[in-house]
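Novice: Okay, handing you the structure first.
The values are calculated or read from the model by the stated rules, or taken from the named source; none is laboratory data. All values reported here derive from a predicted model rather than from experimental measurement. So basically every Cβ, Gly included, is an ideal-geometry build from the backbone, and we count neighbours across all protein chains shown.
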């Protein structure tokens, strides 16, 4: 991704010179999403224009010893979003330090499970959607485009002598995450810990996540992840494994599996997905597809599938997909995405 230089400052220190800068990067996308509702989810129009504008604001500095420090905010607007639809919203921040291949983050961190390399490999089109797999990976903490919500504490508004979940929980956010990642020789290792309520007044359960990725000879990719007490819910333990292999220089095939059967919040069960992509001879068009199976008792059908395509415009891409979910409803999208 090409980054736009927003500001650059040289700081002269007594021990030498350290470089500092602030950059803005992100993407925009717009298009049409169709979702077949068959009159079962209200009288909403089945087709709507859906857009997003995202800006990542990153400030970094490097010490004379070769240690990099940084901080990140995200500003994002999502059309039709209940939280970001009326205006762009600044999210909770993340601080990090990087040295010798090791990165440690604090705050609104990239969690280990959500960062697993192949977890979202089934996503299609310019909107990067997968109703067959990505929607069934369970409930867990991830880097959040919003401000912290839900893990708050306040004052004793009900007069019972205690500050608890019955009070106005809107004064202070006490959520905190810590994450570490290390890369060496084709291996990426990650670990994360999230305490949704450092005060201990409202929530007691913390989330612990682990993940690992390995790439061999630019052809074989392996990915695995585990999260304990996902999103702070007790016994919500989820694990994931995936593999993808380049059968030709322009074609890959993969198999993913996620066990979210302990997720009482989402009740998504276990999901398999067989997927792949194929680049046409023009080198600009990529065809993607998947077929997935989920064993949830709430399904109308246990099988979902999708096919999509992306066309590279050089700095932007056109994309489209056609999918059917586990409610036997058809959804389709078509749009354009550009990165800056």
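Novice: Being crowded, with 24+ Cβ neighbours inside 10 Å and either in contact with a helix residue (DSSP H, G or I) (Cβ under 9 Å, 6 or more places away or on another chain) or without any contact (Cβ under 8 Å) to a residue 60 or more places away in the chain (or both) is the filter here, so list the residues in the stretch 131-140 that pass it.
Specialist: 138, 140
Novice: Would you confirm whether any residue within the stretch 289-301 is at pLDDT 95 or above and closer than 20 Å to residue 213 by Cβ?
Specialist: Scanning the stretch 289-301, I find at least one residue that is at pLDDT 95 or above and closer than 20 Å to residue 213 by Cβ, so the answer is yes.
Novice: Using the structure shown, decide if residue 231 is outside any loop (DSSP other than H, G, I, E, B), over 19 Å from residue 134 (Cα atoms) and in contact with a strand residue (DSSP E or B) (Cβ under 8 Å, 6 or more places away or on another chain).
Specialist: Here the answer is no, as residue 231 does not meet what is asked.
Novice: Which strands (runs of 3 or more DSSP E) does the stretch 140-199 wholly contain that include 1 or more residues that are at pLDDT 95 or above?
Specialist: Counting at least 1 such residues, we get 176-184, 187-195.
Novice: Kindly indicate whether any position in the stretch 265-285 is over 23 Å from residue 252 (Cα atoms), out of contact with any helix residue (DSSP H, G or I) (no Cβ under 8 Å at 6 or more places or on another chain) and surrounded by fewer than 16 Cβ atoms within 10 Å (Cβ to Cβ).
Specialist: Yes: one or more hits.
Novice: Any residue that is crowded, with 20+ Cβ neighbours inside 10 Å, more than 22 Å from residue 211 (Cβ to Cβ) and modelled with pLDDT of 95 or more - is there at least one of those in the stretch 105-117?
Specialist: No, every residue in the stretch 105-117 fails to be crowded, with 20+ Cβ neighbours inside 10 Å, more than 22 Å from residue 211 (Cβ to Cβ) and modelled with pLDDT of 95 or more.
Novice: Moving on. Go through (1) surrounded by fewer than 16 Cβ atoms within 10 Å (Cβ to Cβ); (2) over 22 Å from residue 269 (Cβ atoms); (3) more than 22 Å from the chain's Cα centre (by Cα) one by one and return the number of the condition residue 339 breaks.
Specialist: (3)
Novice: Is the stretch 75-84 home to any residue that is part of a loop (DSSP other than H, G, I, E, B), surrounded by 16 or more Cβ atoms within 10 Å (Cβ to Cβ) and at negative phi?
Specialist: Looking through the stretch 75-84, at least one residue is part of a loop (DSSP other than H, G, I, E, B), surrounded by 16 or more Cβ atoms within 10 Å (Cβ to Cβ) and at negative phi.
Novice: Looking only at the stretch 246-273, how many residues end up being in contact (Cβ under 8 Å) with a residue 40 or more places away in the chain and under 17 Å from residue 291 (Cβ atoms)?
Specialist: 6
Novice: Restricting to the stretch 89-104, give me the number of residues that are over 16 Å from the mean Cα position of the chain (by Cα), in contact (Cβ under 8 Å) with a residue 40 or more places away in the chain and not in a loop (DSSP other than H, G, I, E, B).
Specialist: Within the stretch 89-104, residues that are over 16 Å from the mean Cα position of the chain (by Cα), in contact (Cβ under 8 Å) with a residue 40 or more places away in the chain and not in a loop (DSSP other than H, G, I, E, B) number 5.
Novice: Within the stretch 296-304, is there a residue that is under 19 Å from residue 127 (Cα atoms) and buried (at least 18 other Cβ atoms within 10 Å of the Cβ)?
Specialist: yes
Novice: Okay, moving on. All but one of (1) in a strand (DSSP E or B); (2) crowded, with 21+ Cβ neighbours inside 10 Å hold for residue 326; which doesn't?
Specialist: If we test residue 326 against (1) in a strand (DSSP E or B); (2) crowded, with 21+ Cβ neighbours inside 10 Å, just (1) comes out false.
Novice: Suppose we filter 191, 224 for residues that are touching a strand residue (DSSP E or B) at 6+ places or on another chain (Cβ under 7 Å), under 23 Å from residue 123 (Cβ atoms) and touching a residue at least 12 places away in the same chain (Cβ under 8 Å); which single one remains?
Specialist: On inspection, the qualifying residue turns out to be 224.
Novice: Could you list all residues from the stretch 227-245 that are buried (at least 17 other Cβ atoms within 10 Å of the Cβ) and without any contact (Cβ under 8 Å) to a residue 60 or more places away in the chain?
Specialist: 228, 229, 237, 239
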